[in-house]
Amino acid sequence: MVSCRTAFISDVHLGTRGCQAELLLDFIKVLECDTLYLIGDIIDGWKLKSGWYWPQAHNDVVQKVLRMARHGVKVIYVPGNHDEGAREFCGVHFGGVIVARDAIHEAADGKRYLVTHGDEFDGVVQHARWLAFLGDWSYRTLLAANTWFNHARRAMGFGYWSLSAFLKVKVKNALQFIENFEAAVAEEARRRGVDGVICGHIHKAEMRQIDGVLYVNDGDWVESCTAVIEHHDGSLEILDWSRRLPARGPAVATSQTGEPIAA
């Protein structure tokens, strides 16, 4: 069981073949929290416009989240660029889910965090949308190849390995983009006078100080299968759920420090 005060999830991309909905369901089923933040790109509207893909597991994720809201969990949905249509409904409640452009979260220790998807700080998304769409298509093509590659790895008893995540840390331009993004998001948190920022968008889980501001990215549920949780004392932690592979026997998730978490 994962018991925490708050959980942060983003970049699920329901409606795409790369979405790891089963692993996300596995996580949600053992999650006990007071507040759940959905930080954008939960449903991939870009992909659904070009072709419908919605297996039962994707529907189960939506139903599970709505059930959590009905049972008293405060669910706050901050839309991203792939589900930007939901931004028209900021301030509206849907089945107990609150839609917000962004949010300020106060942790148990009194620290305050800006919660935002982060696409507003991505110059490509803001000023060259055609390039963003092209990049999205290339990314999905890469994920498709990665899916077949990992089927073979699982058959041989190996764990999940992300090709696109590997390329991100090897390609200089990608590294520079990530660094620029992180600095811009941290600067916005500083401008708003908060202690840190919790975001998504770039599919790279990270937690580090940037000039006195705590930058936290909860990763995604396409490649890394990570989430951020706030413990009851206010401390934050990145959980890596990608090691929960049914074919490998008893499932074990690990934290950012590598410690196993019993489920």
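The values are calculated or read from the model by the stated rules, or taken from the named source; none is laboratory data. Predicted model, so just to flag it, every value in this text is computed and none were measured. We place every Cβ from the backbone using ideal geometry, glycine too, and count neighbours over all the protein chains shown.
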Exercise for the section: Find the residue count for the range 110-124, including only residues that are assigned to a strand (DSSP E or B) and crowded, with 19+ Cβ neighbours inside 10 Å. Expected result: 3
Fill in the blank from the handout: Checked against (1) touching a Cys at 6+ places or on another chain (Cβ under 9 Å); (2) buried (at least 21 other Cβ atoms within 10 Å of the Cβ), residue 68 satisfies every condition except (2)
Problem - Of all residues making up the range 17-39, the number that are of a type outside the set (A, V, I, L, M, F, W, C) and in contact with a Leu (Cβ under 8 Å, 6 or more places away or on another chain) - result: 2
Exercise for the section: Within the range 50-76, count every residue that is free of Cβ contacts under 8 Å to residues at least 40 places away in the same chain and of a type in the set (Phe, Trp, Tyr). Expected result: 2
Practice task
Quick one: in the range 26-49, of everything that is surrounded by 16 or more Cβ atoms within 10 Å (Cβ to Cβ) and free of Cβ contacts under 8 Å to residues at least 40 places away in the same chain, which residue is nearest to residue 74 (Cα to Cα)?
Solution key: 31
Practice task
With respect to residue 108, determine if the residue is closer than 19 Å to residue 198 by Cβ, touching a Pro at 6+ places or on another chain (Cβ under 9 Å) and either of a type outside the set (Lys, Arg) or at pLDDT below 95 (or both).
Solution key: no
Problem - Count of residues meeting criterion [surrounded by 19 or more Cβ atoms within 10 Å (Cβ to Cβ) and not β-branched (Val, Ile, Thr)] in the range 189-233 - result: 19
Fill in the blank from the handout: Scanning the range 201-231 for residues that are closer than 18 Å to residue 28 by Cα and either assigned to a loop (DSSP other than H, G, I, E, B) or out of contact with any Phe, Trp or Tyr (no Cβ under 7 Å at 6 or more places or on another chain) (or both) gives 218, 219, 220, 221, 222, 223, 224, 225, 229, 230, 231
Handout entry: Criterion violated by residue 212 - all others in (1) at pLDDT below 90; (2) in contact with a helix residue (DSSP H, G or I) (Cβ under 8 Å, 6 or more places away or on another chain) satisfied
Key = (1)
Problem - Cross-chain or 6+ apart pairs with Cβ under 9 Å, the range 179-203 first and over 19 Å from residue 236 (Cα atoms), then among the hydroxyl-bearing types (Ser, Thr, Tyr) and in a strand (DSSP E or B) - result: 183/215
Practice task
For the range 206-243, name all the residues that are among the hydrophobic types (A, V, I, L, M, F, W, C) and free of Cβ contacts under 8 Å to residues at least 40 places away in the same chain.
Solution key: 210, 213, 238
Exercise for the section: Please enumerate the residues belonging to the range 22-46 that are over 16 Å from residue 94 (Cα atoms) and touching a helix residue (DSSP H, G or I) at 6+ places or on another chain (Cβ under 7 Å). Expected result: 22, 24, 25, 28, 45, 46
Fill in the blank from the handout: Just one listed residue, out of 103, 107, 86, is within 20 Å of residue 44 (Cβ to Cβ) and surrounded by 14 or more Cβ atoms within 10 Å (Cβ to Cβ), and it is 86
